[in-house]
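K.L.:
Quick one: structure below, then a few questions.
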Number of protein chains: 2
Amino acid sequence: MTLAANKNLSRIQKEKRSTIKKAALEVFAEYGLRGATLDKIAIASGLTKPNILYYYSSKDKIYFDVLSGLLDEWVAPLHEISPNGDPIEELLGYMRAKLTMSKQKPQESKLFATEILHGAPLTQNVLATSLKKTLDEKVAVINKWISEKKLAHVNGYHLFFSIWAMTQHYADFDIQVRSILDQSEDDLFKDAEEYLTSVLLRTLDAKAP
Amino acid sequence: MTLAANKNLSRIQKEKRSTIKKAALEVFAEYGLRGATLDKIAIASGLTKPNILYYYSSKDKIYFDVLSGLLDEWVAPLHEISPNGDPIEELLGYMRAKLTMSKQKPQESKLFATEILHGAPLTQNVLATSLKKTLDEKVAVINKWISEKKLAHVNGYHLFFSIWAMTQHYADFDIQVRSILDQSEDDLFKDAEEYLTSVLLRTLDAKAP
DNA sequence: AGAAAAATTGTCCAATTGGTCAAAAAACTC
DNA sequence: GAGTTTTTTGACCAATTGGACAATTTTTCT
């Protein structure tokens, strides 16, 4: 979907590109596109700077490759929402999937957050086309469920915004969260899931005003 | 609270420092601390680079001054939550205050978001002391309200996290929101407030399981 | 093994960056 | 309005940065 990707690449090429991307993800997530330097990526990857530039012709190319390689994965849980399942269970499952990603892939979350926060120079196009299209479809499903009285009357778009916001918050703002709550990661995410489940159950319940 | 601030400053000094801070806020919010350059701040402020350095001895000092000048303002709505008011109204009011800040001060929101996202190098201390202390107090109020059966059983910390996340999302991720929703700003925030009101009312309602 | 191709690196460069400084200009004081 | 202080600026500098390149080393292929 994103790019033709690793077509005719040798073993070494695949390995080294993967090494570089992994290191670059760390550095970009921590410092952002502009704050990240090739030197930092070189150190993080254990390669030399010219060697990195042998595989990627520029810093921007690395950034673009890392980001676009993650895009599909990032939107994937949205596709799992099935129009045929139980509405509440489908949406709770989506929330849990997003929360799990925040727990297990905080760097990826931060990378996207920084990208969007700073004007989404590389992804604005994808957001306005691919993501919008998918979300429009899912909101249509939500609205169908609502018309069938299976869900409370909620604004589908803002429902998704709030799920994104609440789940990604635990990755993007983890420093703030951890400054306030002194818990193990497992306990924190257990409490978060419990709270978010409660919020969603109450918000989506077809009964009540 | 933050610093002694403008003590013995001449008219010109106050004006220029204010001009610099305003321009720096724009640039820092858009590019982050590391992505912002003195040249960009110089252009945005209409001053020359050495002139800026006449008022602030370094870029970091500007950043620190801008950020710490905003800290109090940013936490202020939290102090408005009164233990004596109606619990639901107090918390709805807090949410509305935060949402209004997202609408009217998106740059400030983005500045904080970037700061925390990238490790909160300058604010971690404040987060772990001042903010934590205030939040602990407010969560104690929440818990009192819960024990008085005025609120549903919710985790107070995660309640605040979710309010922060959901309201700030409209400032920090506005590009994503606007890529998906093609509305006027007023309509967007009207819908957001309606949705968030509904979520909070249902989440906080003492009745229901 | 030996030739060809691929991978790696040391060295270098130009542009950008944060910051300095001395001199000029403006503002204030009496 | 002369003298003093404050403000402003042009010119400059050292460090960092993204990137180029030729030479060397390693891998691959026969």
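The values are calculated or read from the model by the stated rules, or taken from the named source; none is laboratory data. Quick caveat: nothing in here was measured; it's all calculated off a predicted structure. A quick note on method: Cβ atoms are made from the backbone with ideal geometry, for glycine too, and the neighbour counts reach across all protein chains shown.
K.L.:
What number of residues within the stretch A:87-120 are outside any helix (DSSP H, G or I) and either in contact (Cβ under 8 Å) with a residue 40 or more places away in the chain or in contact with a Cys (Cβ under 6 Å, 6 or more places away or on another chain) (or both)?
P.N.:
2
K.L.:
So in the stretch B:70-86, with the set limited to residues that are touching a residue at least 60 places away in the same chain (Cβ under 8 Å) and within 14 Å of chain A (Cβ to nearest Cβ), which one is farthest from DNA strand C (Cβ to nearest atom)?
P.N.:
Filtering the stretch B:70-86 for residues that are touching a residue at least 60 places away in the same chain (Cβ under 8 Å) and within 14 Å of chain A (Cβ to nearest Cβ), the one farthest from DNA strand C (Cβ to nearest atom) comes out as B:Leu78.
K.L.:
Would you please name the residue that is nearest to DNA strand D (Cβ to nearest atom), looking only at residues in the stretch A:59-84 that are over 15 Å from the mean Cα position of the chain (by Cα) and closer than 17 Å to A:Leu25 by Cβ?
P.N.:
A:Lys59
Here is a yes/no grid of residues against (1) on the phi > 0 side of the Ramachandran plot; (2) exposed (fewer than 14 other Cβ atoms within 10 Å of the Cβ); (3) not in a helix (DSSP H, G or I); (4) not acidic (Asp, Glu):
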residue: A:Phe161; (1), (2), (3), (4): no, no, no, yes
residue: A:His169; (1), (2), (3), (4): no, no, no, yes
residue: A:Ile175; (1), (2), (3), (4): no, no, no, yes
residue: A:Leu188; (1), (2), (3), (4): no, no, no, yes
residue: A:Glu193; (1), (2), (3), (4): no, no, no, no
residue: A:Thr197; (1), (2), (3), (4): no, no, no, yes
residue: A:Leu201; (1), (2), (3), (4): no, no, no, yes
residue: A:Ala206; (1), (2), (3), (4): no, no, yes, yes
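K.L.:
Continuing with this model, one more query. Which numbered condition trips up A:Leu111, out of (1) away from chain B (no Cβ under 12 Å); (2) modelled with pLDDT of 95 or more?
P.N.:
Failed condition: (1).
K.L.:
Next question. Among the residues of the stretch A:177-186, write down those that are of a type in the set (D, E, K, R) and either facing another protein chain (nearest Cβ under 9 Å) or part of a helix (DSSP H, G or I) (or both).
P.N.:
Listed by number, the residues that qualify are A:Arg178, A:Glu185, A:Asp186.
K.L.:
Oh, and also: Looking only at the stretch A:30-69, count how many residues are in a helix (DSSP H, G or I) and either modelled with pLDDT of 95 or more or within 12 Å of DNA strand C (Cβ to nearest atom) (or both). It would help to see each step written out before you state the result.
P.N.:
Residues of the stretch A:30-69 that are in a helix (DSSP H, G or I), as a first pass: A:30-35, A:38-45, A:49-55, A:59-69.
When the remaining residues are screened for being either modelled with pLDDT of 95 or more or within 12 Å of DNA strand C (Cβ to nearest atom) (or both), the result is A:34-35, A:38-45, A:49-55, A:59-67.
Qualifying residue count, the stretch A:30-69: 26.
K.L.:
Tell me, which residue of the stretch A:1-29 that is away from DNA strand C (no atom under 14 Å from the Cβ) and part of a loop (DSSP other than H, G, I, E, B) is modelled with the highest pLDDT?
P.N.:
Looking at residues that are away from DNA strand C (no atom under 14 Å from the Cβ) and part of a loop (DSSP other than H, G, I, E, B), I get A:Ala5.
K.L.:
Mind counting the residues in the stretch A:139-159 that are within 13 Å of another protein chain (Cβ to nearest Cβ), in a helix (DSSP H, G or I) and among the small types (Gly, Ala, Ser)?
P.N.:
1
K.L.:
Hey, does the stretch B:57-66 have a residue that's out of contact with any helix residue (DSSP H, G or I) (no Cβ under 9 Å at 6 or more places or on another chain) and closer than 14 Å to B:Phe112 by Cα?
P.N.:
yes
K.L.:
If we scan the stretch B:87-94, do we find a residue that is within 16 Å of DNA strand C (Cβ to nearest atom) and aromatic (Phe, Trp, Tyr)? Show your work before the answer.
P.N.:
At the first step, the residues of the stretch B:87-94 found to be within 16 Å of DNA strand C (Cβ to nearest atom) are none.
No, the stretch B:87-94 contains no residue that is within 16 Å of DNA strand C (Cβ to nearest atom) and aromatic (Phe, Trp, Tyr).
K.L.:
Quick check on the stretch B:164-171. Is at least one of its residues of a type outside the set (Ser, Thr, Tyr) and more than 14 Å from the chain's Cα centre (by Cα)?
P.N.:
Within the stretch B:164-171, none of the residues are of a type outside the set (Ser, Thr, Tyr) and more than 14 Å from the chain's Cα centre (by Cα).
K.L.:
I would also like to ask the following. Which one of these does B:Lys98 not meet: (1) under 28 Å from B:Lys133 (Cβ atoms); (2) modelled with pLDDT under 95?
P.N.:
Condition (2) is where B:Lys98 drops out.
K.L.:
Answer with yes or no whether B:Lys144 is within 17 Å of A:Arg202 (Cβ to Cβ), surrounded by fewer than 20 Cβ atoms within 10 Å (Cβ to Cβ) and in contact (Cβ under 8 Å) with a residue 12 or more places away in the chain. Before the answer, list the steps.
P.N.:
Working: within 17 Å of A:Arg202 (Cβ to Cβ): no; surrounded by fewer than 20 Cβ atoms within 10 Å (Cβ to Cβ): yes; in contact (Cβ under 8 Å) with a residue 12 or more places away in the chain: yes.
Against the criterion (within 17 Å of A:Arg202 (Cβ to Cβ), surrounded by fewer than 20 Cβ atoms within 10 Å (Cβ to Cβ) and in contact (Cβ under 8 Å) with a residue 12 or more places away in the chain), B:Lys144 does not qualify.
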